[in-house]
Structure formats: C-alpha cells, structure tokens
Amino acid sequence: MYRTIQQSLLARIQAILLAKYDISLAQLAVEQPPSIALGELALPVAFELAKRLRKAPRAIAQELATELSADLSALPGVASIEVAGAGYLNIRLHRTATVLEIAQDKHADIGGPGFRLIEHTSINPNKAAHIGHLRNAILGDTFQRLLRPDTFKRGYQVGVQNYIDNTGVQVADVVVGLVHLEGKTLATTLELLTELASTNTRIDYYCWDLYARVSQWYTEVSQPAEELARRKQIRLDTLHALETGGNDTATIADLISTAVLRRHLETMERLSIQYDFLPRESEILTLHFWDAARTLMLEKGVLYLETAGKNKGCYVMRRAGTDGQEEGTDVPDEDAKVIVRSNGTVTYVGKDIAYHLWKFGLLPGKDFGYSKFHEYPTHTCWISTAIPSGPQPPTFGHADAIYNVIDSRQNDPQNNVVAALRGMGYTEAADRYTHFSYEMVALTPRCALDLGYPISEEDQKRSYIEVSGRKGFGVKADDLLDRLIAAAKSEVDTRHPEIDAPERLTIATQIAVGALRYFMLRFTRNTVIAFDFKDALSFEGETGPYVQYAIVRAANIFRKANTTPEESLAAIPTLDLSSFFDNEHGSDLWETWLLSSKLTLVIEQCLATSEPAYLAKYAFQLAQQFNNFYHRHHILNETDPTRKAILLATAAAAQREMTRALGYLGIEAPPVM
C-alpha cells in the first residue's frame with residue numbers, strides 16, 4: 001500500500017512540474033523522515049530544482065505544497081503536505097484510511113510483459129556442489145521468485161537455466177583421473193557407476209576426492225619436468241577428445257557428468273531450488289552455435305584476424321573498456337581479446353558470445369534440441385540434445401532481459417560478451433544484459449575447526465579462510481545441510497519432545513534451510529561471506545531463525561486467542577480506528593502497519609538493483625518491529641475488546657508480510673520453534 005501511495009504522489013508531482021515549470025525529471029528521490037512524527041515520506045525535489053529555477057529550495061517547496069494541497073482527493077491516503085527545514089516536502093498519510101487498505105491486502109502490482117531469463121548455479125559437473133555454489137544458486141533462485149508471477153503480483157514470464165559445462169577442463173580432469181590414475185575404460189566406468197549405485201555411494205563425492213587427487217598429480221613436485229609435461233599433454237588431449245566427441249573418452253565424460261548433474265539437482269531440490277532448462281556446452285559445440293556466431297561477428301566487423309604481434313593468427317575483438325589500436329596505424333592491439341586461438345580452438349568467451357546471442361534470439365537458424373530430464377511436482381526440467389525435438393518443442397531463447405548469476409571473478413568475460421553485443425549493434429540487448437555478480441563464500445576459522453580441518457595458529461587469527469576444490473578443502477553442500485539439520489533437530493527435540501519424530505525432522509529441516517538461505521542472502525552481493533554454523537542457526541540477531549521465530553510467536557497468539565489472522569484482519573472495517581491511530585499514542589501501532597505495507601516497495605527495489613539482500617533486511621526489520629510490538633502490548637490480557645481486536649489485526653498484518661517475505665527468500669515458516 002505504501003508503494004501505491006508513493007506512485008500516485010510522484011505522478012502528481014511530475015504533472016505539476018511539467019505544467020508549472022515545463023520540467024520533466026527522470027526520477028524523483030523519496031526518503032523517510034527521521035521520525036514518524038514528521039510524516040511518512042520526505043521529498044527533496046525542491047533541492048534538485050533550485051539551480052534550474054534560480055529559487056531558494058524552500059520557496060519551491062512551498063509552491064509545490066500549495067499545488068499538491070489544493071486537491072488532496074487526487075492523492076488517496078495522503079492527509080497533509082508540509083514544508084520542512086530548508087525545503088523538504090514532508091508527507092503525512094491518513095492513518096486510519098491506510099490501515100483499512102492494508103488490512104484488505106491492497107497493494108501496488110509488480111510485473112509486466114516480456115520474458116526474463118535467469119541463469120544460475122552452473123556448477124561444473126565434475127564433483128559435489130560446495131558451499132560457494134550455494135550462494136550462486138540461492139541468489140538466482142530468490143531473484144526468480146521475485147520476478148515470477150504468483151498470487152501476490154502479476155510478475156514476469158521467467159525461464160530458469162542452469163548451464164552445464166560438460167566438455168570443460170574440470171570434467172576432463174576427472175576423466176584423466178579415471179583413465180590414467182585408476183585405469184578405467186568405458187566398460188569399467190559403466191561397472192563403477194553400477195557399483196556406486198548398488199552400494200549407495202555418491203558419484204559426486206567419489207569425484208570430489210578424485211578431482212583433488214588428479215589436481216595434485218599434475219603438479220607433483222617429486223616428478224621430473226618431462227613427466228609433468230607429459231601429464232599436461234594428457235590433460236590437453238583429453239580436453240580435445242571431449243570437445244571433438246564421438247569417442248570413448250567423450251562417452252566416459254558424458255556418463256560421469258550426467259550422473260553428477262543428477263546429484264546436483266537432488267542437492268538443490270533440498271533447498272527448493274528448481275530449473276526449467278539445462279543447456280549443455282556439448283550441444284553448443286555439436287550444433288555449431290559458434291560457427292553461426294563467428295559468421296555474424298565477421299559480418300558486423302567485430303571479429304578480425306590479427307596479422308602481427310603476440311596474437312598473430314588469432315581471431316580477436318577489442319576488449320571491453322579499451323580503445324583498441326589507433327586508427328590508421330598498423331600497430332596491433334596487444335590488449336585485444338582472443339576469441340579464436342591460432343590453433344583454431346574457440347575460447348570460453350567465444351562460446352559464451354554464441355550462447356548469449358541464442359539467449360536473445362539473435363543467432364540465425366540455431367536452437368537446441370530438447371529432451372525431458374527431470375520431473376518436479378509442478379513442471380518438467382528439460383536438457384539440451386543434438387537431436388531435433390518433436391513437432392512442438394519448448395524453446396528458452398528469445399529473452400527480453402537476461403540475468404547471469406556468475407561470481408565477480410568473471411567480470412572480464414562478462415564485459416566482453418556485452419562489448420560484443422554492442423559492437424554488433426545489439427545495443428538494446430546489451431542494455432538488458434545483467435551480470436548478477438557476487439563475491440566468494442569462505443569459512444570462519446571456528447567453522448573450519450568444527451568441520452575437522454587442521455588450521456594453523458596463524459589462520460585461526462584470520463577473519464575467514466578460503467576454500468579450494470582443487471585442494472579438496474571445502475564444505476560439500478549436502479554435508480553442510482546435514483550438519484545444520486542435525487543441529488536444528490537437537491534443539492527441536494529438546495523443546496518439543498511431544499511432537500512425533502518425523503514432524504520434528506521436518507521442522508528441523510525448515511529451520512536449517514531457513515538459516516542457510518537467509519545467511520547467504522543477508523549480505524549484499526559484493527561482500528565476502530565467512531560462513532559459520534553457530535551464527536547462521538542463532539535465534540537472536542539477523543538470522544533466518546529469528547524471523548521464523550517471530551512468525552511462530554504470532555501464530556501462538558492467534559491459537560491462544562482462539563481466532564485466525566484472517567478473521568482478525570476482516571474485523572478491521574468494523575472497528576473505530578481513529579482513537580487508536582490518529583494521535584501520537586498510536587504511533588507504535590501505526591509503525592508496525594506502515595512497515596508491513598512496504599513489501600512491494602522492497603521487491604521493486606530488489607529488482608531494480610538486482611540485490612535480494614534488501615528483502616532479507618526488510619524481513620529482519622519487520623520481525624524486530626513485531627517483536628517490539630509484542631513485548632510492548634500484552635495482547636491476550638487486553639480487556640478492552642476494540643483495542644484487543646486492533647492488536648490482533650496488527651499482529652496479523654505483520655505475520656502475513658513476514659511470511660510472504662520469507663517465501664520470496666525461499667524460506668518456510670515452521671509451526672513451532
């Protein structure tokens with residue numbers, strides 16, 4: 001409701017600016033006064049106009065206030081407009097009227113036309129998912145929840161993709177380990193997969209250890225240089241065999257990567273993370289996406305053959321953020337981005353440009369074949385194939401906007417994909433291409449010790465310790481979740497022994513998933529996270545369990561009062577609200593309602609900035625506000641029937657929005673804590 005009022009107010013101000021001053025502002029800033037006593041909104045627009053109009057900000061603010069106040073009926077929910085300080089416009093809302101609207105769940109809509117494509121997770125299918133992958137997947141899943149249509153908002157059409165690099169060097173390394181360290185053939189690899197399945201041994205865990213072993217094998221210091229060079233060549237030959245396809249080495253890679261991929265989907269489903277499409281690099285190669293992209297880039301003049309300098313014989317493009325070679329000279333651009341190496345192999349960026357041209361529907365005549373891979377309760381997850389689909393295949397290209405959840409270390413490749421789009425003249429596509437970057441996840445020294453890793457005294461003094469898959473130092477995602485569930489279950493078992501064991505496990509899982517997802521979301525994306533079990537599971541402070549506990553606390557109120565949140569909100573229109581809200585004594589109740597009304601505003605902020613942390617912060621602040629309200633008012637002991645009804649409705653409004661906010665964060669509210 002807050003956003004609805006804000007939208008109508010800003011639209012009215014824009015109309016006044018155009019009619020009175022012939023001025024149109026692209027954006028109008030909206031702030032919140034430092035105290036609720038000063039109003040609910042503050043606009044510094046007069047300061048923005050002072051130079052252009054050559055007037056004092058306060059004089060401009062007074063003119064605007066007069067215009068706005070002349071017809072308050074055009075501003076539903078606004079009670080008065082005042083000039084404050086040196087030129088602020090302070091807006092006071094009509095409290096009782098706004099409470100009535102909030103109780104009826106009236107709010108501004110979010111959404112519109114167009115297809116939004118979100119790519120996230122994108123784990124190399126060579127080992128188990130680890131804690132760093134979880135930040136990527138949770139960020140992407142939360143963002144698609146904010147975009148997708150639901151009963152609260154119109155939303156946007158959304159497609160969620162998980163890119164599978166099944167022909168890359170990491171998969172090649174596992175194949176090298178199987179073939180050259182363990183002596184496996186295609187036949188014995190099939191036997192291995194059967195044996196692992198029959199003994200309930202996880203293929204992704206098996207590959208985790210194998211990947212660490214082969215990484216050490218490449219650099220074994222006890223070996224002579226000739227032997228290390230031979231091992232490096234084995235790696236390159238294996239990678240080439242994977243990219244070429246049609247051989248036993250590529251078949252082994254496909255078997256292993258597909259088995260690991262299935263485990264990844266199972267891991268992510270534990271966190272309620274699902275996908276629509278799994279595009280694989282093998283099909284990008286087989287279906288010759290790059291050939292089509294190369295032709296297009298040459299036609300557009302973006303790609304050119306370098307004839308001199310260190311990149312001689314390579315096809316290159318100007319690197320993002322540089323001027324390239326000087327016009328009219330023969331001096332080569334030494335900083336140009338290599339797209340095709342002199343030996344004819346395509347770089348990662350080249351394949352990525354082709355892939356993103358397809359995403360935007362800009363790759364002429366190219367699409368994947370599609371095959372059903374996994375069934376979720378609500379939809380099918382498809383995987384790419386080289387075989388054309390049936391008469392009505394799905395399609396996941398032709399996006400109107402793209403969000404790539406990829407860590408900040410990939411800034412340069414991402415920038416070069418955008419530069420390629422701009423260079424080809426696809427400026428609108430480039431503008432709608434968002435690199436949803438984030439920083440790494442590390443461990444606190446305490447967490448590393450809890451996991452049994454030997455930590456030096458020097459490392460124990462550090463704020464965090466980086467993980468490394470190549471060294472085998474890290475936290476597997478499933479192990480992490482298992483540890484969190486076990487810790488939560490111990491607490492639930494102690495607090496609620498009367499509940500059946502299966503239900504206690506369900507509750508513990510809800511708490512553990514809530515703790516993990518909230519911990520990954522509470523920090524802004526450009527912040528390095530140092531994960532810690534105890535911090536994540538705490539019932540105090542800015543955590544998922546803290547918000548869950550506030551919702552449970554509200555549910556207990558309604559259970560003891562023998563009513564429901566819905567009944568309490570439905571009673572609001574029958575109550576005399578003015579004596580409780582339209583005075584300074586009702587400010588604490590009003591603040592709870594006001595904060596409860598800001599969910600759509602926060603969602604819009606998250607979408608505009610690609611920053612889900614704002615929603616996590618909002619959920620925590622609302623839980624804090626509710627807990628303060630709960631401790632200040634003894635609802636169940638209230639003897640005044642009207643006041644008790646208003647207090648119950650206040651709790652209901654807060655509970656409804658806390659539950660919604662957690663839902664968008666991918667977190668459930670358990671029945672008890």
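Please list log₁₀ I(q)/I(0) at q = 0.27, 0.29, 0.34 Å⁻¹ for region 630-673, using the Debye equation with identical point scatterers on the alpha-carbon positions.
Computed log10 I(q)/I(0) values: -0.93, -0.98, -1.12.
Name the lysines eligible as straight-distance cross-link partners of K300: C-alpha to C-alpha under 23 Å, and not fewer than 8 places from it in the same chain.
K312, K337, K351, K359, K366
With the contact rule set at Cα under 8 Å and sequence spacing of 6 or more, what percent relative contact order holds for region 2-93?
Worked out over region 2-93, it gives 29 percent.
Rounded to whole Å and sorted largest first, list the principal axis extents of the Cα atoms in the chain.
Between the extreme Cα coordinates on each principal axis of the chain lie 86, 74, 60 Å.
Can you check how the C-alpha radius of gyration of region 197-324 compares to 2.2 N^0.38 Å, as a plain ratio?
1.46
Using the Kirkwood radius over C-alpha pairs as Rh, can you work out the diffusion coefficient of region 338-443 via Stokes-Einstein at 20 °C, viscosity 1.002 mPa s, in µm² per second?
D, rounded to a whole number, is 135 µm²/s.
7 Å from Cα along Cα→Cβ at both T427 and K372: what's the point-to-point distance in nm?
Between T427 and K372, the simple spin-label model gives 4.6 nm.
Taking every DSSP beta bridge with both residues inside the chain, roughly what % is antiparallel (nearest 5)?
Around 55 percent of the beta bridges assigned by DSSP in the chain are antiparallel ones.
Counting pairs of alpha carbon atoms under 8 Å apart in space and at least six apart in sequence, what relative contact order in percent does region 123-249 give?
33 percent
Can you tell me which of 488-494, 4-10, 543-549 comes out highest on packing, and rank the rest after it, using the mean Cβ neighbours within 10 Å?
Highest mean packing first, the order is 543-549, 4-10, 488-494.
How big is region 374-510 by Rg and Dmax over its Cα atoms, in Å?
Rg and Dmax of region 374-510, Cα atoms, are 22.8, 66 Å.
Counting every Cα pair in region 115-199, what percent are over 21 Å apart?
Pairs farther apart than 21 Å: 51 percent.
Put a dot 7 Å past each Cα toward the Cβ at T66 and V30; how far apart are the dots in nm?
Result: 2.6 nm between the two label points.
Cβ neighbours within 10 Å, averaged per peptide: list 69-82, 270-283 in order, most packed at the top.
Most protected by this proxy first, the peptides run 270-283, 69-82.
Report, in deg cm²/dmol and to the nearest 500, the calculated mean residue ellipticity at 222 nm for the chain, where each DSSP H run with n ≥ 4 adds -39500 (n - 2.57) and the sum is divided by the residue count.
Mean residue ellipticity, 222 nm, calculated: -15500 deg cm²/dmol.
If one puts a single equal scatterer on every Cα of region 2-93 and applies the Debye formula without solvent, what log₁₀ I(q)/I(0) results at q = 0.10, 0.12 Å⁻¹?
One equal scatterer on each Cα of region 2-93 leads to -0.22, -0.31.
I'd like the orientation of helix 57-69 relative to the chain: the angle between its Cα long axis and the longest Cα principal axis, in ° from 0 to 90, rounded to 10.
For 57-69 against the chain, the angle is about 70 degrees.
For region 11-162, state the average projected area of the convex hull of the C-alpha atoms over all orientations, rounded to one decimal in nm².
The number I arrive at for region 11-162 is 13.6 nm².
Evaluate the charge dipole of region 497-639 about its Cα centre and quote only its size in Debye, nearest 20, assuming +1 on the Cβ of each Lys and Arg and -1 on the Cβ of each Asp and Glu.
Dipole magnitude for region 497-639 comes out near 460 debye.
Place the peptides 262-269, 170-177 in order of packing, highest mean first, counting for every residue the other Cβ atoms within 10 Å and averaging per peptide.
Per-residue Cβ counts within 10 Å, averaged per peptide and sorted highest first, yield 170-177, 262-269.
Could you list, bin by bin from short to long, the percent of Cα-Cα pairs of region 577-673 in 10 Å steps?
Values per bin, smallest distances first: 15, 44, 28, 12, 1.
Any chance you could give the angle, 0 to 90 degrees and rounded to 10, that helix 641-664 forms with the longest Cα principal axis of the chain?
With rounding to tens, the tilt is 20 degrees.
On the Cα set of region 3-57, report Rg and Dmax in Å, please.
For region 3-57, the Cα-based Rg and Dmax read 12.1, 34 Å.
Is there a pair in K20/K51; K153/K598; K598/K644 whose C-alpha atoms are over 18 Å apart, and which pairs would that be?
Where the Cα-Cα span goes over 18 Å, the pairs concerned are K598/K644.
Over region 443-591, consider all pairs of different Cα atoms and compute the Kirkwood hydrodynamic radius from their mean reciprocal separation; express it in Å, one decimal.
18.8 Å
Run the quick spin-label model on A15 and K106: label points 7 Å from Cα toward the beta carbon, then report their separation in nm to one decimal.
Between A15 and K106, the label points sit 1.8 nm apart.
Expressed as a rounded percentage, what relative contact order does the chain have, with Cα pairs under 8 Å and six or more residues apart?
14 percent
Read the figures in this text as sums done on the coordinates, not as results from a lab. These numbers come from a predicted model, not from an experiment. All Cβ positions, glycine included, derive from the backbone under ideal geometry; neighbour counts span all protein chains shown.
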